[in-house]
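The values are calculated or read from the model by the stated rules, or taken from the named source; none is laboratory data. Worth saying up front: this structure is predicted, and the values here are computed from it rather than measured. Note that we place each Cβ from the backbone using ideal geometry, even for glycine, and neighbour counts take in every protein chain shown.
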Amino acid sequence: MAEMSPFLKEYYGLKSKIAPFELRRDFETVKTVSVVNVLLERAYNVNAGASTHGRFGFGPGHTVENYMSRARAYTEALIRGEYPLKGRFTEPGTALVDHSFIERDGVMHLFYNRGYIGYEWDTMPVNTVGHAITEDLLNWRIEPPVVSVESGAFENYQVWSPGVAFRDGVYYMYYTGVNVNVAQAICLATSTDLYSWKKHENNPVLKPGPWCPWGEDHWSDCRDSMVFVDDDGTAYMYYCTSKYNEAGAGPAVGVASSSDMINWRDEGAYTFDICDTALESPFVLKHGGKYYMFYTNCNHGTAYAVSDSPVNGWRSLGMLIPWTVPPLCPANVPSCAEVFEFKGKWYVSSCLREPGCEQYLEIFGLSWQPDGTVKVTGRVE
């Protein structure tokens, strides 16, 4: 019999060490065990020759060494009686990326991309929107997914970045539909209970204006939408896109307005000089008579800006949640921020993607300062 390789010795050794924890039912253990098993299986397959290259290249951290080292660290932590992923939420076995919060009757509903640990999105398509609920931002209950890719529809490849808004008894979920050419457009589904969703018959409901190099036959940026309803009832949509400039095109936030949540008027696009790669996941709210935009400044972290108008005039307030270690790629930074009030306290969310596509939701306290800035406080855990 051939001698077992060093890799297989460690692989089976970690499988044996993690097995007793599979008997437990508490969420922290279940979550951690699921991650360990996914990492181990991905390491096994890559070690056996599986490709780590997707349609568009090679992401950071997709190596046997990274998968095994992380699986080893999590297993050893459990053995020591620690919870290495405490304060970091995900549906067990998945990578939680773009997300949206909406409260109903004292319960917070979370909708999110259901990504794959160990796989870039161009290797394993993100094809469903997940749903979880909580009453305290600590203990979560996973509900069935709510929206999916659909053959024959515009979104025949992937669905990303749900953003949920409420108006006149109806919940509106604006999500990114992605076709096989990676052309992105904003699609809509509606619900009255947050569980059963019906797609709009004329999806997509929004594409960028002529200031954007958009087309269905090539990669086109129109994603990460969210909708803010102002005091006068006007709805404003913000989304990640690109805008023509002297260099060709660059990152921008697209803006549109609506009186009925379905038909949208193009309000142009806004750029931020501090963004050098991509400007993603814009989130807007109104506080103290001012409009605040929180967004992902790729390669750096979560930034924010303020304006007297919901459409333009944004003034940068700098970085809010910076990544202090240079990221391996622009996406490996604190991202996808949403700011919300829940049971009398303010919070900001963040998703930090670790190498190898581990990604989790973290929620931090947030306080409004007298000078109009905000301050991030301790993580909820």
Do we have any residue at all in region 341-363 that's outside the structural domain of S34 (by TED's automatic domain parsing), within 24 Å of S242 (Cα to Cα), in contact (Cβ under 8 Å) with a residue 24 or more places away in the chain and part of a loop (DSSP other than H, G, I, E, B)? no
For region 69-84, the count of residues that are surrounded by 13 or more Cβ atoms within 10 Å (Cβ to Cβ) and touching a residue at least 60 places away in the same chain (Cβ under 8 Å) equals 4
Which ones in region 147-157 are of a type outside the set (V, I, T), touching a strand residue (DSSP E or B) at 6+ places or on another chain (Cβ under 8 Å) and surrounded by fewer than 23 Cβ atoms within 10 Å (Cβ to Cβ)? S148, E150, A153, F154, Y157
Output yes when any residue across region 304-322 is more than 15 Å from V376 (Cα to Cα) and among the charged types (D, E, K, R), and no when none is. yes
So if I check each of G13, G54, which one is surrounded by 12 or more Cβ atoms within 10 Å (Cβ to Cβ) and without any contact (Cβ under 8 Å) to a residue 24 or more places away in the chain? G13
Check region 62-70 and report whether any residue there is assigned to a loop (DSSP other than H, G, I, E, B) and either within 25 Å of P327 (Cβ to Cβ) or of a type in the set (V, I, T) (or both). yes
Looking only at residues in region 21-36 that are out of contact with any helix residue (DSSP H, G or I) (no Cβ under 7 Å at 6 or more places or on another chain) and part of a helix (DSSP H, G or I), which one is nearest to F7 (Cα to Cα)? S34
Which one is farthest from the chain's Cα centre (by Cα) among residues in region 245-265 that are surrounded by fewer than 24 Cβ atoms within 10 Å (Cβ to Cβ) and modelled with pLDDT under 95? E246
Count of residues meeting criterion [surrounded by 17 or more Cβ atoms within 10 Å (Cβ to Cβ) and more than 21 Å from E338 (Cα to Cα)] in region 108-146: 9
Within region 103-161, count every residue that is farther than 18 Å from Y360 by Cα and of a type in the set (S, T, Y). 4
